[in-house]
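A.B. asks: I'd like to ask you about the structure that follows.
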Amino acid sequence: MDDVTRADQSVFQSMRETTFLRPSQSLVRSMQETQDTTSFGYSQLTGDASDASVVRFPAFHFSLHSLSSLAALEHSPSGTGPQRVSYPFPSGKRKVNLLVAVLELEGPDTIRIKKGTDAGKEVSILRVIVGDQDGGICRLAAWREVAEQWGGAYADSGDPSLKKGDIVYFQNILVSKEVSSSAAADTRITSSISLTASPALNSSMSICYRTMPWGDDPAGEKLRPDLRLGYSDAAVRKVASVVQWFQSTAGLPVI
């Protein structure tokens, strides 16, 4: 087990108990009001040209063949499936692309590496719990500059940071089945895999849809495209299915 995996397992033990299954009534009301005022319900689509200036078409693109589901990764042997490893990894590890919902996140925080060639160095980590509509829920640890970028440390960059409820397309994510006994006992997690993102892996993310508005969030509305307008596209339908899964799971109004 490498140093990053050890650190990943230790820092996740301090994460707070998940709350996404128990949304407050005020949050539910806020979501309902937001969706009502933006006329997002599928039955309310109109062709009024006066609304053209605020119509947002889905801008994300990916191939469904590139995706792996969390459930499939848990049961598939290393190096098999749609995402074969393109260069050697330790046994039990591989790189994949995922479309998941962000259920919880914490950080970015700074920790000190205890062992290995980077012993004594301080690095950033963003701890995330993700899930998909197949029922898989697992942990993702983003490290170093990736953690800082995804966690919003570079506020002046203009790039949106991850928020709870975001539906995200992740690329080049390392999957490992090296899970400690304490991690396996975490009742929030349904999958026996762990995920890692880092600059060395060339990991990247694209927020496809933001299900939950977060107050003064200039990027929020831009990340809430009208999924009906691209529903003939398989990728848009896939995103919509994950949006609906998250909203149903979290007790929010389903679009």
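Each row is one residue, and each column tells you yes or no for (1) farther than 19 Å from A101 by Cβ; (2) assigned to a loop (DSSP other than H, G, I, E, B); (3) modelled with pLDDT under 95.
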{"position": "D159", "(1), (2), (3)": "yes, yes, yes"}
{"position": "V168", "(1), (2), (3)": "no, no, no"}
{"position": "I173", "(1), (2), (3)": "no, no, no"}
{"position": "S182", "(1), (2), (3)": "yes, no, yes"}
{"position": "R188", "(1), (2), (3)": "no, yes, yes"}
{"position": "D216", "(1), (2), (3)": "yes, yes, yes"}
{"position": "K222", "(1), (2), (3)": "no, no, yes"}
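A.B. asks: Give me the strands (runs of 3 or more DSSP E) completely within the range 88-155, filtered to those with at least 1 residues that are over 13 Å from the mean Cα position of the chain (by Cα) and small (G, A, S), ordered by residue number. Walk me through how you get there before you give the answer.
C.D. replies: Working: elements: 93-112, 122-131, 137-143.
Filter on the range 88-155 gives 93-112, 122-131.
A.B. asks: List pairs: first residue in the range 97-120 and under 27 Å from Q133 (Cβ atoms), second residue part of a strand (DSSP E or B) and among the polar types (S, T, N, Q) anywhere in the structure, Cβ distance under 6 angstrom, at least six positions apart or on different chains.
C.D. replies: From residues that are under 27 Å from Q133 (Cβ atoms), the pairs are N97/Q171.
The values are calculated or read from the model by the stated rules, or taken from the named source; none is laboratory data. It should be emphasised that the depicted structure is a prediction, and the values quoted were computed from it without experimental measurement. A quick note on method: Cβ atoms are made from the backbone with ideal geometry, for glycine too, and the neighbour counts reach across all protein chains shown.
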